[in-house]
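Enquirer: Quick one: the structure is below, and I'll ask about it shortly.
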Amino acid sequence: MDRTERTRPSTRQRLLAVCTATVLAVPGLAALSSAARAADADLVRNGGFEAGLDGWTCTAGAVVNSPVRSGSSALRATPAGSDYAQCSQTVTVKPDSQYTLAGYVRGSYVYLGASGTGTTDVSTWTQSAPDWQQLTTTLRTGPSTAKVTLYTHGWYGTGAYYADDVSLVGPGTDPGQPPAAPTGLAAGTVTSSSVALSWSPVTGATGYAVYRDGVKVQTATGTSTTVSGLAPSTAYAFQVAAVNDAGESAKSATVTATTSTGSGGSTGHALVGYLHASFANGSGYTRMSDVPDSWDIIDLAFGEPTSTTSGDIRFTRCPVTECPTVESDADFKAAIKAKQAAGKKVLISIGGQNGQVQLTTTAARDTFVSSVSKIIDTYGLDGLDIDFEGHSLSLDAADTNFKSPTTPVIVNLISALKTLKAKYGSTFVLTMAPETFFVQLGYQYYGTGKWGQDPRAGAYLPVIYALRDDLTLLHVQDYNSGSIMGLDNQYHSMGGADFHIAMTDMLLTGFPVAGDANNVFPPLRPDQVAIGMPASTNAGNGYVAPSEVTKTLDCLTRKTNCGSYTTHGTWPGLRGLMTWSINWDRYGSWEFQRTFDGYFG
């Protein structure tokens, strides 16, 4: 075929051109066709993931730069044993209209679908896509359908999948106008770490964005909220904007509030350790008077209940038959007073691995208060450490909001701790030592939740939240833990600085609970957070060498030596380190203590 033949229109092409010109010459038909085409729109926000996960809610997703189908980014999501890594987005649609859902995927068992009220759910999938493959399906909205949720997910245990260029094409909607700016913004109750705000409702608003010092810090569905995670004795400026599908209003007038002086807080660094006071094990017994001065908070392990649900806590010192070098009660109490005179705090720790405590009734709650008070008074202690593990805390199936818990064991524990704090006053030291399963896992799952998780998942969150203004220190046990997803939507495992950095960043940044962007667990103050680590390989799984401890502290307090994880801030006021245990550290020639002393001086 020569060049002339290749460029000459065929008879069919010439006839098609004539017919097209004739059709478009019909009055109004050309305009109608153009309008119909213009009415169709791609309703997906950030379908190419070029803006990260903006617009998407993912249980186990992250944005990657390779492989990509187009642009510079794509979604990578990794299913786990009980989670198939769904990413979803809710969009506004027109009722009784047809849409085309499409997206490019790769991986094994990748699904693309949509669902909505009054709409027949649709989905399409591929069993195997070694390279980018387009999935497409059509969706017909019902007469009353206003929104649909698009999603992509993999399948249990089949490895990571990728998605890119997701679109929903069909009739667009008129978003209207953003609402007016809110009025009447006022500050209510102010504590050392929080400010309560309220404002007047705005017509047409579906929600509100709250700004602190010009930065959006949270959202609210109603006309009030509490901004937490603030520093004591600090002035803050707040504004609120109203939001609907058309966008965000101008910000309200500014209101300022100054937090009160903190109680029980500290700007100094602290070393916290558990002292085996009621039992012996391979680490040997350590007398109270032999605990080095480096230890600032000493937790007596353990006070345990007479039965799981009694609430009756007893503290029995290690008997001579088990601990031949144990000191007398008189010497023990004298050593406690000497520590306190040197500025140290000595607490009774309740629970531990074997001490399951379930305050299922108000009677058990009251017994807990009276029995713990007796221990504190008998030994002249400074406060209480809550080390509830195992099955002490779990959530009822209907208990879904950590800010308003309804489960008796949760509600009664909160009430008991508030009563003890009120009884002993502002100098009462309250600390907690939950496992990661009960705190950071709440980023993915809260209780049984929609995925049928363990009812203990995130179960400490309501207790921490309710006591955050009374809490002296939270030191999560970053040991004996499974892999936990961090705020980068990647799983992190024990054994190096990365795990401690990611887990601590979650506490200091705050995180949406169970993926709900409107239900955020607010950050704690840096002086309320210490990092829990085992003192040696003998003490528990998750031990890291001193060099990894230093990397952890460098990253969190100076934002250097961070490795692959990027923190959301820098916290030079991070309180310090906690370890299990003083006894095991002594057994290990005080390696943990020396690392702390060497870093903080």
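Enquirer: Looking at region 155-174, which of its residues are within 32 Å of the chain's Cα centre (by Cα) and either open to solvent by 50 Å² or more (accessible area, probe 1.4 Å) or hydroxyl-bearing (S, T, Y) (or both)? I'd like the intermediate steps shown before the answer.
Expert: Of all residues in region 155-174, those within 32 Å of the chain's Cα centre (by Cα) come to 155-168.
Answer for region 155-174, where residues must be within 32 Å of the chain's Cα centre (by Cα) and either open to solvent by 50 Å² or more (accessible area, probe 1.4 Å) or hydroxyl-bearing (S, T, Y) (or both): W155, Y156, G157, T158, Y161, Y162, S167.
Enquirer: Sort out which residues of region 533-564 are crowded, with 18+ Cβ neighbours inside 10 Å, in contact with a Phe, Trp or Tyr (Cβ under 9 Å, 6 or more places away or on another chain) and farther than 21 Å from W590 by Cβ, and write them in order of number.
Expert: C555, L556
Enquirer: Return a yes/no flag: does region 380-403 have any residue that is part of a helix (DSSP H, G or I), of a type outside the set (V, I, T), more than 18 Å from T308 (Cα to Cα) and more than 28 Å from the chain's Cα centre (by Cα). Walk me through how you get there before you give the answer.
Expert: Here is the first cut: in region 380-403, the residues part of a helix (DSSP H, G or I) are none.
No.
Enquirer: So I410 passes all but one of these: (1) over 20 Å from P522 (Cβ atoms); (2) among the β-branched types (V, I, T); (3) out of contact with any Gly (no Cβ under 8 Å at 6 or more places or on another chain). Which condition number does it fail?
Expert: Unmet condition: (1).
Enquirer: So, of the residues in region 471-489 that are assigned to a loop (DSSP other than H, G, I, E, B) and open to solvent by less than 10 Å² (accessible area, probe 1.4 Å), which turns out to be nearest to L441 (Cα to Cα)?
Expert: G486
Enquirer: Regarding G383, is this residue touching a residue at least 12 places away in the same chain (Cβ under 8 Å), in contact with a Gly (Cβ under 7 Å, 6 or more places away or on another chain), of a type outside the set (D, E, K, R) and open to solvent by less than 20 Å² (accessible area, probe 1.4 Å)?
Expert: no
Enquirer: Within region 81-92, can one find any residue that is surrounded by fewer than 17 Cβ atoms within 10 Å (Cβ to Cβ), among the hydrophobic types (A, V, I, L, M, F, W, C) and modelled with pLDDT under 90?
Expert: No, region 81-92 contains no residue that is surrounded by fewer than 17 Cβ atoms within 10 Å (Cβ to Cβ), among the hydrophobic types (A, V, I, L, M, F, W, C) and modelled with pLDDT under 90.
Enquirer: Also: What number of residues within region 490-518 satisfy the criterion of being open to solvent by 20 Å² or more (accessible area, probe 1.4 Å) and either among the polar types (S, T, N, Q) or assigned to a helix (DSSP H, G or I) (or both)?
Expert: Number satisfying all stated conditions: 5.
Enquirer: Filter region 388-420 for residues that are in contact with a Ser or Thr (Cβ under 6 Å, 6 or more places away or on another chain) and either acidic (D, E) or surrounded by fewer than 19 Cβ atoms within 10 Å (Cβ to Cβ) (or both) and give the result.
Expert: The answer is D396, A397, D399, P408.
Enquirer: Can you pull out every residue in region 306-363 that is among the acidic types (D, E) and either within 37 Å of the chain's Cα centre (by Cα) or in a loop (DSSP other than H, G, I, E, B) (or both)?
Expert: If the condition is that a residue be among the acidic types (D, E) and either within 37 Å of the chain's Cα centre (by Cα) or in a loop (DSSP other than H, G, I, E, B) (or both), then D312, E322, E327 are the ones that fit.
Enquirer: Oh, and also: Does region 139-152 hold any residues that are more than 18 Å from R69 (Cβ to Cβ) and open to solvent by less than 80 Å² (accessible area, probe 1.4 Å), and which are they?
Expert: Residues satisfying the conditions are L139, T141, G142, T145, A146, V148, T149, Y151.
Enquirer: Another question about this same structure. For region 185-205, what are the residues that are more than 30 Å from L524 (Cβ to Cβ) and either open to solvent by 40 Å² or more (accessible area, probe 1.4 Å) or of a type in the set (G, A, S) (or both)?
Expert: S200, P201, T203, G204, A205
The values are calculated or read from the model by the stated rules, or taken from the named source; none is laboratory data. Treat the numbers as computed from the prediction; the structure is a model and nothing was measured. In this analysis, Cβ positions are derived from the backbone assuming ideal geometry, glycine residues included, and neighbour counts consider all displayed protein chains. Each accessible area value is taken on the protein alone, full model and side chains, heavy atoms only, with ligands, DNA and RNA left out. Shrake-Rupley method; radii C 1.70, N 1.55, O 1.52, S 1.80 Å.
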